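Notes for the one structure printed next.
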Amino acid sequence: MEDIIADYNKNNLFGIWMEMDFQIDSPGEITYKMEVKKHHQAVENVAHGGMIAGMMDGVIGVAALSSVASEGKRVSTVEFKINYLNPVLVGDKLTGRGKVLRKGKRLVVSSGEISNEKGIVATALGTFMAYPVD
């Protein structure tokens, strides 16, 4: 599992650019953190919705990945739905929590939420395809 997760960390250039960091709390449950920077804004002082969606894809995707990596598998996003609940501002410190709801042979369904210091800013539900590394 560690090799697959380490490989993800090394090759996830988008996550590196976004300055996102995660920890695996347990297989299928993760926590992501990042601070919103000026280059994430869409309009003055407000983060771009695509930045939030990108973080959310990581939140629910790494939850899915952490549930199958021990089986020598990776995941790719099949689909996800996001609900934006509150604005995110430059300087906000975001915490994302992802959790696997169901793991089948090929598909993994996970949910996530992202919060800032004031509360939940976005929720999502996603489906991921698990596939062997080789």
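Since every read-out is calculated from the coordinates, none of them should be taken as a lab result. Given the structure is predicted, the values throughout are model-derived calculations rather than measurements. Counting neighbours? That spans all protein chains shown, and the Cβs are built from the backbone with ideal geometry, glycine included.
Taking packing as the residue-averaged number of other Cβ atoms within 10 angstrom, the listed peptides 60-70, 88-98 run from highest to lowest as 60-70, 88-98. Among the listed pairs Lys10/Lys93; Lys10/Lys73; Lys81/Lys118; Lys73/Lys99; Lys10/Lys99; Lys73/Lys103, those with a Cα-Cα distance over 21 Å are Lys10/Lys93; Lys81/Lys118; Lys10/Lys99. Given region 25-106, report the % of alpha carbon pairs whose separation exceeds 17 Å. More than 17 Å apart: 50 percent of the Cα pairs in region 25-106. Whole-Hz Karplus values for region 84-99 come out as 8, 9, 8, x, 10, 10, 4, x, 4, 9, 9, 10, x, 10, x, 8 Hz, taken residue by residue from phi with 6.51 cos²θ - 1.76 cosθ + 1.60 and θ = phi - 60°; glycine and proline positions read x. Count Lys and Arg as plus one, Asp and Glu as minus one, and take only other residues whose Cβ is under 13 Å from that of Thr31; the net charge is then 0. Treating r as the C-beta distance of Val78 and Glu29 and R0 as 35 Å, the FRET efficiency rounds to 0.95. Remark on Val90: its backbone amide H falls under 5 Å from those of Val46, Ala47, a criterion applied only to residues 5 or more positions apart or on other chains, H modelled at 1.01 Å from N. Largest first and in whole Å, the equivalent-ellipsoid semi-axes of region 63-119 read 27, 12, 9, each the square root of five times a Cα gyration tensor eigenvalue. Treating r as the C-beta distance of Ser70 and Lys118 and R0 as 22 Å, the FRET efficiency rounds to 0.05.
Can you tell me the orientation of helix 49-68 relative to the chain, as the angle in degrees between its alpha-carbon axis and the longest Cα principal axis, to the nearest 10? Relative to the chain, helix 49-68 is tipped by roughly 20 degrees.
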